[in-house]
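In what follows, a single structure is set out as structure tokens and then discussed.
The values are calculated or read from the model by the stated rules, or taken from the named source; none is laboratory data. On a predicted model such as this, the values are computed, not experimentally measured, just so you know. Cβ sites come from the backbone with ideal geometry, for glycine too, and all protein chains shown count toward neighbours.
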Amino acid sequence: MTLIETDEVKHRAELGVGVLKDYWHNGIGTMLVDEALYWAKQFSWLEQVWLAVLDNNQYAIQIYQNLGFQTKTPPTMDGQGRQIIKMELSLT
């Protein structure tokens, strides 16, 4: 899991989460995202967290929605021709 503030927009960070396939559907992804958001809300200067997810990854999208992330823009294509959904969560 990573939470990285970019230089382009201050007080905003990109969340990255990965779980090995052998451990999918055990709640690990939810726990990782929840812990990252707890840290961001309690101990950081961040005002917003965003992420990009493949549009066919419905399990991940559901996790993010359950934790309060919202889609703000239409899906876009990545460099490999896949549909990407960008989601955001305000921490303020």
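Some values worked out for this structure:
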| item | result |
| --- | --- |
| Test: residue in the range 47-60 that is more than 16 Å from Met87 (Cβ to Cβ), of a type outside the set (Ser, Thr, Tyr) and modelled with pLDDT under 95 | no |
| Top-ranked residue in the range 66-77 [being modelled with pLDDT of 95 or more and assigned to a loop (DSSP other than H, G, I, E, B); ranked as surrounded by the fewest Cβ atoms within 10 Å (Cβ to Cβ)] | Gly68 |
| Residue satisfying all of: in the range 33-65; touching a Gly at 6+ places or on another chain (Cβ under 9 Å) and part of a helix (DSSP H, G or I); surrounded by the fewest Cβ atoms within 10 Å (Cβ to Cβ) among these | Tyr59 |
| Residue among Glu35, Glu5 that alone is at pLDDT 95 or above and acidic (Asp, Glu) | Glu35 |
| Filter result for Gly18 (touching a strand residue (DSSP E or B) at 6+ places or on another chain (Cβ under 7 Å) and part of a loop (DSSP other than H, G, I, E, B)) | no |
| Failed item, numbered, when Lys10 is tested on (1) assigned to a loop (DSSP other than H, G, I, E, B); (2) farther than 14 Å from Ser90 by Cα | (2) |
| Filter pass, Gln80 being out of contact with any Phe, Trp or Tyr (no Cβ under 6 Å at 6 or more places or on another chain), free of Cβ contacts under 8 Å to residues at least 24 places away in the same chain and part of a helix (DSSP H, G or I) | no |
| Output for the range 83-92, where each listed residue is in a loop (DSSP other than H, G, I, E, B) and in contact with a Lys or Arg (Cβ under 8 Å, 6 or more places away or on another chain) | Leu91 |
